[in-house]
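First comes the structure, then the notes that go with it.
No lab work stands behind these numbers, since they all come straight from the coordinates. Since the structure is predicted, the reported quantities are computational estimates derived from the model, not experimental observations. Quick reminder, even Gly has a Cβ in these numbers, built from the backbone with ideal geometry, and neighbours come from all protein chains shown.
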Amino acid sequence: MMLALGVGYLIGSLPTADMIGRLRGIDLRMAGSGNPGSANALRVIGRGAAMLILVLDLAKGVAAAIFGLGITGDATGVAAAVAAVAGQVMNPWFGFRGGKGLGVTAGTALVLWPLGVGAVLPTLALGAVAYRAAVGAVAGLLALLGLSMVWASAGLTTAWGIHPDDTLVWFAIGVCVLTMPKFVGDLAGRSTT
């Protein structure tokens, strides 16, 4: 379990957005919203860099989840996945300040609960289009949490993912606890200005 946590955290902490930004001559931590992620890169650097950062964040999540699953199964897969999100959100290379973790979360979910990703995407997209990205993210994360509970209690298939039991719910709880404060903070910050 400790190996899954450690390797997952290190994979998630790889500063991919920072590296892409610096290759383009921009420090994403000092430009735009200051968030080292694909949304800020889209605004500051452009679509190509934002897509590359998103793909790399997805890949980090996929790699961590696959690594964890390879150790002993579902529990270590979830541990590595949640640790990867923690590494992205609380990046040790930048004073434990990192990105928002949504891309890494999506990458882990593609491995652990692929049907859940498909179920949550419409909620995330509708919230983002109707209101703004932070609202879409919060709605998507709440949908992920709620659906995980329904999925686990009903024993619905996760396609090639982990078993639909409490482990699935703990995955959703873990990623929500780590990522939700970033988006709620965005909403609170914008409502007071």
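Measuring between their Cα centroids, the stretch 47-77 and the stretch 133-193 lie 17 Å from each other.
Taking Cα atoms only, the orientation of helix 2-13 departs from the longest principal axis of the chain by about 30 degrees.
Would you please calculate the Kirkwood hydrodynamic radius of the stretch 1-156 over all C-alpha pairs and express it in Å, rounded to one decimal? After inverting the mean inverse Cα-Cα distance, the result is 15.8 Å. To the nearest ten degrees, helix 114-130 and the longest principal axis of the Cα atoms of the chain are 40 degrees apart.
Let me have the 222 nm mean residue ellipticity of the chain computed from DSSP H runs of 4+ only, each contributing -39500 (n - 2.57), with the sum over all residues rounded to the nearest 500.
-24500 deg cm²/dmol
In nm, what is the difference between 0.36 nm times the number of residues separating Ile71 and Val184 and their Cα-Cα distance? Here the segment from Ile71 to Val184 would lengthen by 37.3 nm. What you get for the chain, charging only the Cβ of Lys and Arg (+1) and of Asp and Glu (-1), is a dipole of about 720 debye around the Cα centre.
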